[in-house]
């Protein structure tokens, strides 16, 4: 029994982390129709930011956390301005190639800067403490993560529904050109999307690495891809869909990992799920039907 | 230029290259950086051209190349490890299940065919997807292959996550050039055939191509399977070049590198991909090496230099090309003597620009 509780708890925790990353993917795709391949690497960079900032003498941990989030947001903003904005009128594939280039750059930069070795993540007081629930000992982070994720998602949905810039985001994702004609400042909306996405990636990164305790330059790729699968599963562009997809992947993955015979295949499972969903329901669970115009 | 002159020029160029390779092969340069870059460049050229066939000529944005290379490399390695060496290679799995070895050339062919069979299977569902969904599905497929090969249950066949080694490699550096050359020639012939024209039609406009009576699915599948075949052959060559092969090396980063080669060379240009892969491999492995070591100019230590800095500079250069020079080296044109001739008459259009300015002044 306690074994199942353990599985479910870690599944939900991992799922929440995927959800935080997946939102960044799904919002950017909704607006720019771009798979932001660099998003997983942003997540990795946020991990390294905290390691280096926390190593500064006399730096309080809350200061380090705030600074990490600020730097990640700045990085996301700059990537959009430097690598995606110049290609606004280029074919979509060029932007995607640019995103792949950014991902390559970030990984190489991190390898250079850190010497390519995995580094230990600093323990954050309180959330790294051990607690016991249902007779299972776990880190407090496993419980905090889902709660925080739900709060952030609800806040985000409300933000998109009730604020002016949220309305602009919805308009731009419906129709890029028309919303531009209606006087929406498109660049501001896109920047805002990247800022929100990076913010959530930074939070996700803090949680993820507190859980796994190690950061290496290529660690962002796999969670990034899985979060993207979650976004596709839920219907790309839909925030609740991405969250549900992320929980499903997180829980299934942990269940698969618990069977020794197929534990090696837990990564493959995610992509099998992706291919199945793309065949059966290419628009995902909550995706809008897009019709191609001739 | 006359046609005969062009043919003679091409023959002279080919003979010069062949002579150079034979010279390198027989001198102490054989184990130098130059020779390493040439071999790896030839292999990457084949893989880049096969990716270009798919991405540049058929307009299918696929990111599965590393997966097909992995299939090719493993098929080749599994089939050719000498029976005597199997016990030591498969030391954890009682010598593995395969207890025969076949000669090198059939093994390379089977490596390609194996990749093609997998491509046909995966193509059935994923080729119906559009642009970026296709990209992500093929990328996912490559990850599935990588995970399955490392799976403990199939380890008696694939050696799990352990390395495969001791298979025969080539002794002359001409070998990868000959195989790559034959394969690239086959791709060029394909692109020039009516199938190739159908591929290009699909690239330009799927709906219009279908309206013209091109069987969309059949041609997409054909392009996908053929491209994967050559990626598989490229994987086998890469295994021979490295003299050992391990699944964890064939990550999506490898696909990205090949894609970047295609982009640098120009999407839709075979010669562009070939030139770019030699440039890419040489600058990555060789020309930028000095950035990884501490350098002094007089007594001044150049800052920033250190292990890994080469790759940072390299990726910045790639970003600049992707952002500001989107056509790449060749655009969608091919190498031609006319092009070279024109270039020397009017490099970068400078001469014609000056002339045009003069013309305006005269009129004014």
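Read the figures in this text as sums done on the coordinates, not as results from a lab. What you see is a predicted model; the values in this text were computed from it and never measured. Cβ: placed from backbone, ideal geometry, glycine included. Neighbour counts: every protein chain shown.
Numbers at a glance
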quantity	calculated
Stokes-Einstein D for region B:119-260, Kirkwood Rh over Cα pairs, 10 °C, 1.306 mPa s (µm²/s)	91 µm²/s
P(r), alpha carbons of region A:76-131 - 5 Å bins starting at zero, rounded %	4, 15, 16, 15, 11, 12, 10, 8, 5, 2, 0
FRET efficiency estimate (nearest 0.05) - Cβ-Cβ, residue A:131 to residue B:324, R0 56 angstrom	0.55
GNM top mover of B:218, B:353, B:345 - chain B, alpha-carbon springs below 10 Å	B:353
Percent of C-alpha pairs per 5 Å bin, region B:1-60, short to long	4, 16, 14, 15, 15, 17, 14, 6, 1
Chain B: most fluctuating residue of B:322, B:351, B:49 per GNM, C-alpha cutoff 10 Å	B:351
Helix B:3-26 vs. chain B, principal-axis angle (Cα, 0 to 90°, nearest 10)	40 degrees
Region A:21-219 - Rg over Rh from alpha carbon coordinates, Kirkwood radius	1.01
Selected from B:347, B:82, B:176 as most flexible by GNM, with chain B as the system and alpha-carbon contacts under 10 Å	B:347
Cα-based Rg and Dmax for region B:217-364, where Dmax is the largest Cα-Cα distance (Å)	21.0, 70
Unit Cα scatterers, Debye sum, region A:163-294: log10 I(q)/I(0) for q = 0.11, 0.16, 0.19, 0.22 Å⁻¹	-0.52, -0.98, -1.20, -1.36
Percentage relative contact order, region B:32-247, counting C-alpha pairs under 8 Å, at least six apart	42 percent
For the protein assembly as shown, radius of gyration divided by Kirkwood radius, i.e. Rg to Rh on alpha-carbons	0.98
Expected-Rg normalisation [2.2 N^0.38 Å, Cα atoms] applied to region B:32-247	1.06
Region A:191-247-region B:278-355 distance, computed between alpha-carbon centres (Å)	35 Å
Pairs of Cα atoms farther than 17 Å apart, region A:1-81, %	59 percent
In nm, spacing of pseudo-spin labels at residue A:258 and residue A:191 (7 Å Cα→C-beta vector)	4.8 nm
Degrees separating the helix A:239-257 axis from the principal Cα axis of chain A, which is the longest one	40 degrees
Cα centroid separation, region B:8-40 to region B:74-117 (Å)	30 Å
Relative contact order %, region A:179-294, counting alpha carbon pairs below 8 Å whose residues are six or more apart	22 percent
Virtual spin-label span in nm between residue B:299 and residue A:123, 7 Å along Cα→Cβ	4.9 nm
Helix axis angle, A:164-174 relative to chain A longest principal axis, alpha carbon, degrees	70 degrees
Taking N as its residue count, the alpha carbon Rg of chain B over 2.2 N^0.38 Å	1.10
Isotropic mean projected area of the C-alpha convex hull, region B:1-151 (nm²)	13.6 nm²
Sites residue A:154 and residue B:4, calculated FRET efficiency, Cβ-Cβ separation with R0 56 Å, nearest 0.05	0.15
Relative contact order, percent, chain B [alpha-carbon distance under 8 Å, six or more residues apart]	27 percent
